[in-house]
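Asker: Below is a structure I'd like to ask you about.
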Amino acid sequence: MQIHENFPLKPYNSFCIDVKARFFNMFPSVEDLEENLMIYAEYPVFILGGGSNILFTRDYEGCVLKNEIKGMELQHEDEEHVYVKVGAGENWHQFVLHCIGRDWAGVENLSLIPGNVGAAPIQNIGAYGVELDDVFWSLEAFHVYERRVHTFTRTDCEFGYRDSIFKNRYKDEFVILSVTFQLRKKPIFHTSYGAITEEIEKMGEKELSIKSVSHAVINIRRSKLPDPDVIPNAGSFFKNPEVPNEKYEELKAKFPDIVAYPLAKGTVKLAAGWMIEQCGWKGHRKGDAGCHDKQALVLVNYGNARGEEILELSDKILRSVNKKFGITLEREVNIV
Ligand SMILES: Cc1cc2nc3c(=O)[nH]c(=O)nc-3n(C[C@H](O)[C@H](O)[C@H](O)COP(=O)(O)OP(=O)(O)OC[C@H]3O[C@@H](n4cnc5c(N)ncnc54)[C@H](O)[C@@H]3O)c2cc1C
């Protein structure tokens, strides 16, 4: 087995932070994973996917293991659904394209989300009115201490908004090996969120299809979000906070333009980006660490920012939002 020491992680994180891992390796199978876990048993281990939801703040004094388990396999089908098992190391968007090419519906609204399939359940990825939860069937994950594979159903995963059991109770305990999806043979379209319908009309598409929804989502995403290959970033840095109706009414009285989305169970989701903008951060830049000038929710690295500088900026944003609105934002990006 090849062992990489003092390995540069800059090409492996979408923030392009220039840090090193004491050890680095890739694992294309569960056997390779097990072998690596044995070799590096005395060091901390960090499981890496596509590196698009991570902020490295220092060199990693342990072993970074990159998941390279591949494969997309149709497991079985019934009248309404297909069940597809996908290796955790597959690129998420390539999986979406694979489904669209076969007319399997359910993931078209999740087009162009960076990263790999194995990380998707960790924060229950979501966009344009759809979450992973809606198409999830089961997953297989390796327990790093017990050294055996467990199967998790949808209920086991305790999915929530950008949340799952793997971010809480089982944090750093499991390595996801594969995810099985339940996709529909006949689509149910979700076009009310964002400007999907308008975009489809603009594209001159006569009929709603899985393909046209995917194209519309891709166009909207490209126009709104900075491309990490051009301006390094990790997407939304903060979650949109959920508050009780009473808190929302209180804020609305003070800030009539506040942007919010009503949820079930008497709560409201507040647009964190709007609050950050109101605090004057949109377009702010100090050194190479900045808050994007079109999307205040996205923090960016304009060149050689250190992870600590971006973290410091996020701290200042947290404090000012708290001072102005009395709301404590939560980071969506994983700080390492
Ligand atoms: C431009 C941009 C736009 C984005 N838009 C969205 C969006 O619309 N919706 C959304 O939900 N997210 C979005 N994201 C965030 C990101 O794409 C997702 O969180 C994605 O699932 C991260 O995948 P990854 O493979 O890059 O994970 P990584 O960044 O490599 O890892 C993220 C976390 O998961 C853990 N992990 C990774 N793989 C495994 C595994 N196999 N087993 C166990 N743990 C693992 C890591 O240890 C880490 O803690 C965006 C990011 C960018 C850069």
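The values are calculated or read from the model by the stated rules, or taken from the named source; none is laboratory data. Just so it is clear, the model here is predicted, and its values are computed rather than measured. All Cβ positions, glycine included, derive from the backbone under ideal geometry; neighbour counts span all protein chains shown. With ligands, DNA and RNA removed, areas are computed over all heavy atoms of the protein, side chains included. Shrake-Rupley method; radii C 1.70, N 1.55, O 1.52, S 1.80 Å.
Asker: State, to one decimal in nm², a quarter of the convex hull surface area for the C-alpha atoms of region 65-165, i.e. the direction-averaged projected area. It would help to have the intermediate numbers written out before the result.
Answerer: Details: hull surface 27.6 nm².
Over every viewing direction, the Cα hull of region 65-165 projects on average to 6.9 nm².
Asker: How high is the relative contact order of the chain, in percent, counting Cα pairs under 8 Å that sit 6 or more residues apart? Present the calculation step by step, with values, prior to reporting the outcome.
Answerer: Numbers: 685 pairs, mean separation 54.5, N = 336.
Relative contact order of the chain: 16 percent.
Asker: If you don't mind, another one. Among 62, 130, 86, flag the residue with its Cα farthest along the positive direction of the charge dipole of region 52-185, charges on Cβ as +1 for Lys/Arg and -1 for Asp/Glu.
Answerer: Farthest towards the positive pole: 62.
Asker: I would also like to ask the following. Just the ratio, please: alpha-carbon radius of gyration of region 1-88 over 2.2 N^0.38 Å, N its number of residues.
Answerer: Values: Rg = 16.0 Å, N = 88, 2.2 N^0.38 = 12.1 Å.
In units of the 2.2 N^0.38 Å rule of thumb, it is 1.33.
Asker: Also, quick follow-up: Within 10 Å, at most 10 other Cβ atoms, and a DSSP state outside H, G, I, E, B define an exposed site. Report the longest part of the chain free of exposed GluC sites (Glu not before Pro).
Answerer: Within the chain, the longest run free of exposed GluC sites (Glu not before Pro) spans 208-336.
Asker: Report the one residue of 95, 36, 210 whose Cα lies farthest in the direction of the positive end of the charge dipole of the chain (charges on C-beta: Lys and Arg +1, Asp and Glu -1; origin at the Cα centre).
Answerer: The Cα lying farthest towards the positive end belongs to 210.
Asker: Where a Cα-Cα gap under 19 Å defines reach, which lysines qualify for residue 206, not counting those fewer than 8 residues away within the same chain?
Answerer: 186
Asker: With a probe of 1.4 Å, find how much accessible area region 177-336 has per residue, and write the answer as a whole number in Å².
Answerer: For region 177-336, the solvent-accessible area averages 53 Å² per residue.
Asker: List the aspartates and glutamates whose alpha-carbon lies under 20 Å from that of residue 265, not counting same-chain residues fewer than 8 positions away?
Answerer: 131, 133, 134, 158, 163, 242, 246, 249, 250
Asker: Any idea what diffusion coefficient region 1-156 gets from Stokes-Einstein, in µm²/s, Kirkwood Rh on alpha carbon pairs, 25 °C, 0.890 mPa s?
Answerer: Diffusion coefficient, whole number: 146 µm²/s.
Asker: Another question, then. Can you tell me what percent of all Cα-Cα pairs in the chain are more than 25 Å apart?
Answerer: Considering the chain, 56 percent of its Cα-Cα pairs are separated by more than 25 Å.
Asker: Here's a follow-up. Return the carbon/sulfur percentage of the accessible area of region 245-331, one whole number, probe 1.4 Å, all protein chains in place.
Answerer: Carbon and sulfur together cover 47 percent of it.
Asker: Probe of 1.4 angstrom, ligands and nucleic acids ignored: what's the accessible area per residue over region 1-159, in square angstrom?
Answerer: Roughly 45 Å² per residue, with all protein chains present.
Asker: From the cross-link list 85/167; 202/294; 254/323; 185/224, which pairs have alpha carbons spaced over 20 Å apart?
Answerer: 85/167; 202/294; 185/224, as the Cα separations exceed 20 Å there.
Asker: Pull out a ≥ b ≥ c, the square roots of the eigenvalues of the alpha-carbon gyration tensor of region 143-256, then state rounded if a/c is under 1.5, prolate if not and a/b is larger than b/c, and oblate in the remaining case.
Answerer: oblate
Asker: For the chain, with only Lys/Arg (+1) and Asp/Glu (-1) charged at the beta-carbon, what is the dipole magnitude about the Cα centre, in debye rounded to 20?
Answerer: Once rounded to the nearest 20, the dipole reads 1080 debye.
Asker: Still on this model: With a 1.4 Å probe and every protein chain kept in, tell me what percent of the accessible surface of region 150-237 is carbon plus sulfur.
Answerer: Of all accessible area on region 150-237, carbon and sulfur atoms account for 47 percent.
Asker: Could you tell me the distance between the Cα centroids of region 231-308 and region 19-90, to the nearest Å?
Answerer: So the two Cα centres are separated by 30 Å.
Asker: For region 159-211, just the Cα atoms, rotate onto the principal axes and tell me the three extents in Å, largest first.
Answerer: For region 159-211, the Cα extents along the three principal axes come out at 48, 24, 15 Å.
Asker: Here's something else I'd like to know. Please identify the trypsin sites (Lys or Arg not before Pro) of region 277-312 that satisfy two criteria: DSSP loop assignment and at most 13 other Cβ atoms within 10 Å. Which are they?
Answerer: 294
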